[in-house]
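> Sharing a structure with you now.
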Amino acid sequence: MIFAAGLGSRLKPHTNRIPKALVEVSGKPLLLLAIEYLKKHGVTEAIINIHHFGEQIIEYCSKNNFGIDIYFSDERNQLLDTGGGLKKASEWLSGSEPFIVVNADIITNVNIQDMFKHHKQNGNVVTLAVRDRDSSRKLMFNDGNELCAWKNTITNEVIKVNNTFQNTFEYAFSGLHVISPSILIDFPSQETFSIIKFYLGAAKKYKIGGYVHNDGYWFDVGTPDKLFAAEQYLQNVI
C-alpha cells in the first residue's frame, strides 16, 4: 500500500494545484518513484489511498502502464489518517502473507526483500523500518528489538508500551512497514486514527519489531527544502 492521501501542507506552493504524490523529483513524480521502488523488489499489486486532488492520481495512473496492478482506496470525502487509511484498505490486504506499506513522500533504497525476510525470521507481526537520525519523534526498542515506547524529543513526553523496559534504543521511523494481516482484526472501531498510536497499544499483544537501516539513503521530501536536498543528492542516482 502507498500512502498518498496527505494534504501536502508543508510542501506548498508545490501542492497548491497538484497532490503531493505527483510532485516531481529529478523529473519523476514521487508516486512513480514509489511504484518503481516496490516493483524492483517484486511487488505486483499496489493499493493507493487518495484524498487531496485524488482525481489527478487516478488520471495519472490510468494514462500509464506501470506493469503492476493498481487499486485505489478513496478518502476524498474524509481524510482518515494513517491508521484509518490502512483500515479502509484492509479488504485488499487480508490473507496469509505480510504486506508492505510505504509513504509516498519518502525516497529510499532500503532493501525491502531483506526487511521482509527479517520480518518472517524474527516472528514479527509488524516490522518498522527505522534509522538513527535527528527527529522530534522517536520510537524506542528494547534489546530484543521490540517496540516498547514512543518519545517526543522536544518535550520529553514518553508513551510506554509497558512499565518494564530497559536498555532501550531510540530510532526515527522511516515510513515503511511490513505488516502481517493477523493484526487487522484489532483495529479500533473509529474510522480515523494514527497507525503509530495503534502500534503502541498493539505492542502489548503482538511482536512489533524494528528493522534498522543506517546504510544507504533515505529522504523525507515533505518540505520544499527537503525536496531540494533530495533532488541534489539523487540527480545522478535515479
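> What Kirkwood Rh does segment 66-135 have if only Cα atoms enter the pairwise 1/r average? Answer in Å.
Kirkwood hydrodynamic radius for segment 66-135: 14.7 Å.
> Using only alpha carbons, build the gyration tensor for segment 104-148 and give me the equivalent ellipsoid semi-axes, biggest first, whole Å.
Largest first, segment 104-148 gives 19, 17, 8 Å.
> Moving on to the next point. Who wins for biggest fluctuation among Thr108, Thr168, Thr153 in a Gaussian network model of the chain, springs between alpha carbons below 10 Å?
Thr153
> So which of Lys39/Lys88; Lys28/Lys63; Lys138/Lys197; Lys39/Lys226; Lys12/Lys226; Lys87/Lys204 end up more than 18 Å apart by C-alpha?
On the way: Lys39/Lys88 23 Å; Lys28/Lys63 15 Å; Lys138/Lys197 13 Å; Lys39/Lys226 25 Å; Lys12/Lys226 12 Å; Lys87/Lys204 20 Å.
Beyond 18 Å: Lys39/Lys88; Lys39/Lys226; Lys87/Lys204.
> Same structure, new question: Over all alpha-carbon pairs of segment 1-114, lay out the pair-distance distribution in 5 Å bins, whole %, shortest bin first.
2, 12, 23, 25, 22, 12, 4, 1, 0
> Follow-up. Would you mind counting up the charge near Lys226? Only other residues with Cβ under 13 Å from its Cβ, with Lys and Arg at +1 and Asp and Glu at -1.
Once positives and negatives cancel, what remains is -2.
> For the chain, calculate the relative contact order in percent as a whole number, restricting contacts to Cα pairs under 8 Å that are 6 or more residues apart.
About 25 percent, as a whole number.
> What whole-number value in cubic angstrom gives the convex hull volume per residue for the C-alpha atoms of segment 51-106?
Normalising the Cα hull of segment 51-106 by residue number yields 112 Å³.
> Please report the net charge: other residues with Cβ closer than 12 Å to the Cβ of Gly210, K and R +1, D and E -1. Please list the in-between numbers first.
Details: positive: Arg131, Lys138, Lys207; negative: Asp132, Asp143, Glu146, Glu170.
Residues close to Gly210 contribute a combined charge of -1.
> Can you pull the one-decimal nm distance between simple spin-label points at Thr153 and Arg137, each 7 Å off the Cα toward Cβ?
For the pair Thr153/Arg137, the computed spacing is 1.4 nm.
> Among DSSP bridges having both ends in the chain, what percentage is antiparallel? Round to the nearest 5.
65 percent
Any read-out appearing in this document is the output of simple, stated calculations on the displayed coordinates, not a laboratory observation. All values reported here derive from a predicted model rather than from experimental measurement. Methodologically, a virtual Cβ is constructed for each residue, glycine included, from the backbone with ideal geometry; neighbour enumeration extends over all protein chains shown.
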